[in-house]
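Trainee: The structure follows.
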Ligand SMILES: [Zn+2]
């Protein structure tokens with residue numbers, strides 16, 4: 001790092017913080033950006049700024065959005081009697097890609113993790129229960145990750161969704177334990193949605 005110009009080092013350091021980007025990739029990307037036309041580099045920088053300035057959370061499902069309610073919540077073609085509960089906004093992308101699910105979502109923004117001191121009160125659980133109060137939702141699909149925290153979160157939600165009129169289901173096994181939804185392949189995820197079971 002000693003011989004690189006400060007702006008180069010600065011971008012390398014910033015890129016290194018991204019998931020899956022090691023120092024080598026960060027270097028490669030930095031020099032790629034440096035070689036690219038000014039307007040491309042500027043467009044990238046502006047896209048990052050706009051992302052943080054324009055994106056907020058949907059007040060209904062807590063997905064990231066630039067309009068409220070988000071495009072999913074305001075889509076009247078979707079089945080509003082089903083709500084699929086996910087840990088992170090990024091989990092919605094692979095589920096949508098399967099094309100097998102036409103209901104709504106609810107993003108918890110995390111999972112219960114006693115080890116990290118994260119309890120249900122830090123997640124959007126209260127908001128979910130409030131959302132279920134009017135009786136319009138008939139099925140809650142628990143699509144938390146198939147790992148320890150995801151399972152603990154699903155069990156907790158199973159306990160607190162007490163209405164007898166709401167079916168609670170969990171994505172089918174087939175997703176390997178310890179996996180994350182975001183990285184599941186389309187086929188496995190499609191089967192997991194279609195084969196969801198009473199939970
Ligand atoms: Zn929404």
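Each value in this text was obtained by applying a stated rule to the coordinates, not by laboratory testing. These numbers come from a predicted model, not from an experiment.
Trainee: On C-alpha positions alone, give me the angle between the axis of helix 148-160 and the longest principal axis of the chain, in degrees, nearest 10.
Mentor: Here the helix axis deviates by roughly 40 degrees.
Trainee: Under 1.5 on a/c is rounded, so check that first for segment 1-91, then, if it is not, pick prolate when a/b is larger than b/c and oblate when it is not; a ≥ b ≥ c are the square roots of the alpha carbon gyration tensor eigenvalues.
Mentor: prolate
Trainee: How many angstrom separate the Cα center of segment 60-106 from the Cα center of segment 124-149?
Mentor: 12 Å
Trainee: Shifting gears a bit: Need one number: % antiparallel among DSSP beta bridges in segment 1-137, to the nearest 5.
Mentor: About 40 percent, rounded to the nearest 5.
Trainee: While we're looking at this one, here's another question. Using only Cα atoms, find the angle between the long axis of helix 23-35 and the longest principal axis of the chain, and express it within 0 to 90 degrees, rounded to the nearest 10.
Mentor: For 23-35 against the chain, the angle is about 60 degrees.
Trainee: Going by the alpha-carbon gyration tensor, a ≥ b ≥ c the square roots of its eigenvalues, is segment 6-54 rounded (a/c under 1.5) or, if a/c is not under 1.5, prolate (a/b greater than b/c) versus oblate?
Mentor: It comes out oblate by the Cα gyration axes.
Trainee: Based on the Cα coordinates of the chain, what is the per residue volume of their convex hull in Å³?
Mentor: Per-residue hull volume (Cα only) is 159 Å³.
Trainee: For segment 64-198, what proportion of DSSP beta bridges, expressed in % and rounded to the nearest 5, is antiparallel?
Mentor: Roughly 20 percent of the DSSP beta bridges within segment 64-198 come out antiparallel.
Trainee: I would also like to ask the following. I'd like the orientation of helix 38-54 relative to the chain: the angle between its Cα long axis and the longest Cα principal axis, in ° from 0 to 90, rounded to 10.
Mentor: Once rounded, the angle reads 30 degrees.
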